[in-house]
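> Structure incoming, see below.
Computed from the coordinates by the stated procedures, all read-outs in this text should not be read as laboratory data. Remember, predicted model here, so these are calculated numbers, not experimental data. Virtual Cβ from ideal backbone geometry, glycine too; neighbours counted across all protein chains shown.
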Amino acid sequence: MPDYFEIERLVEDLAKIYATACATSWFKLTQNKKPTREEFRNKVVEYMRHFNYSLQAFPQSPEADNFRNYARGLLENEIQGILLGKNNEVEKRYRYYADYS
């Protein structure tokens, strides 16, 4: 298996750095100051799934296909953790938004 350290770190931090910020901004723009945990998690996941568009920008080759499949597997694992409430960063961001909006 090739070394995909960079993509592993990116997917691990995608929710913390990108998806929670987008979700929070979306709720602010829609003036929803008290989304449920489920609504917040689902919106985070929606933005996480946008990463699939970025994966399509990589070259078309057997090696790149393996890379995309690996990255998608990592992404799905992270998404499942978010939906189950196991991502501490998402839960922390939800509490901060819901408690202080």
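> Sort through Glu63, Glu38 and tell me the only one that's out of contact with any helix residue (DSSP H, G or I) (no Cβ under 8 Å at 6 or more places or on another chain), of a type outside the set (Ser, Thr, Tyr) and farther than 24 Å from Glu8 by Cβ.
From the options Glu63, Glu38, the qualifying one is Glu38.
> Within the stretch 80-97, identify whether any single residue is closer than 16 Å to Tyr4 by Cβ and of a type in the set (A, V, I, L, M), and answer yes or no. If you could, list the steps in order and put the result at the bottom.
Step one: of the stretch 80-97, the residues closer than 16 Å to Tyr4 by Cβ are none.
So far as the stretch 80-97 goes, no, none of its residues is closer than 16 Å to Tyr4 by Cβ and of a type in the set (A, V, I, L, M).
> Restricting attention to the stretch 3-11, does a residue exist that is in a helix (DSSP H, G or I), among the acidic types (Asp, Glu) and surrounded by fewer than 12 Cβ atoms within 10 Å (Cβ to Cβ)?
If we filter the stretch 3-11 for residues that are in a helix (DSSP H, G or I), which is where we start, we get 5-11.
Applying the additional criterion that residues be among the acidic types (Asp, Glu) yields 6, 8.
Still in the running and surrounded by fewer than 12 Cβ atoms within 10 Å (Cβ to Cβ): 6.
Yes - at least one qualifying residue is present in the stretch 3-11.
> Specify the residue that is nearest to Leu75 (Cα to Cα); the eligible residues are those in the stretch 25-42 that are of a type outside the set (A, V, I, L, M, F, W, C) and surrounded by 20 or more Cβ atoms within 10 Å (Cβ to Cβ). It would help to see each step written out before you state the result.
Taking the stretch 25-42 first, the residues of a type outside the set (A, V, I, L, M, F, W, C) are 25, 28, 30-39, 41-42.
Okay, now just the ones that are also surrounded by 20 or more Cβ atoms within 10 Å (Cβ to Cβ), so 35, 41.
On the way: Pro35: 24, Arg41: 14 Å.
Of everything passing the filter in the stretch 25-42, Arg41 is nearest to Leu75 (Cα to Cα).
> Of the residues in the stretch 1-20, how many are over 20 Å from Tyr70 (Cβ atoms) and without any contact (Cβ under 8 Å) to a residue 12 or more places away in the chain? Spell out the reasoning first.
Here is the first cut: in the stretch 1-20, the ones over 20 Å from Tyr70 (Cβ atoms) are 16-17, 20.
Subset that is without any contact (Cβ under 8 Å) to a residue 12 or more places away in the chain: 17.
The qualifying residues number 1.
> Given the criteria closer than 22 Å to Ser101 by Cα and either in contact with a Ser or Thr (Cβ under 9 Å, 6 or more places away or on another chain) or assigned to a helix (DSSP H, G or I) (or both), does Glu91 qualify? Step through it out loud before you land on a result.
Working: closer than 22 Å to Ser101 by Cα: yes; either in contact with a Ser or Thr (Cβ under 9 Å, 6 or more places away or on another chain) or assigned to a helix (DSSP H, G or I) (or both): yes.
Spelling it out, Glu91 is indeed closer than 22 Å to Ser101 by Cα and either in contact with a Ser or Thr (Cβ under 9 Å, 6 or more places away or on another chain) or assigned to a helix (DSSP H, G or I) (or both).
> Collect the residues in the stretch 36-69 that are outside any helix (DSSP H, G or I) and either small (Gly, Ala, Ser) or within 16 Å of the chain's Cα centre (by Cα) (or both), keeping them in residue-number order. Don't jump to the end; show me each part of the working.
Restricting attention to the stretch 36-69, the residues satisfying the condition of being outside any helix (DSSP H, G or I) are 36, 50, 57-61.
Scanning the stretch 36-69 gives His50, Ala57, Ser61.
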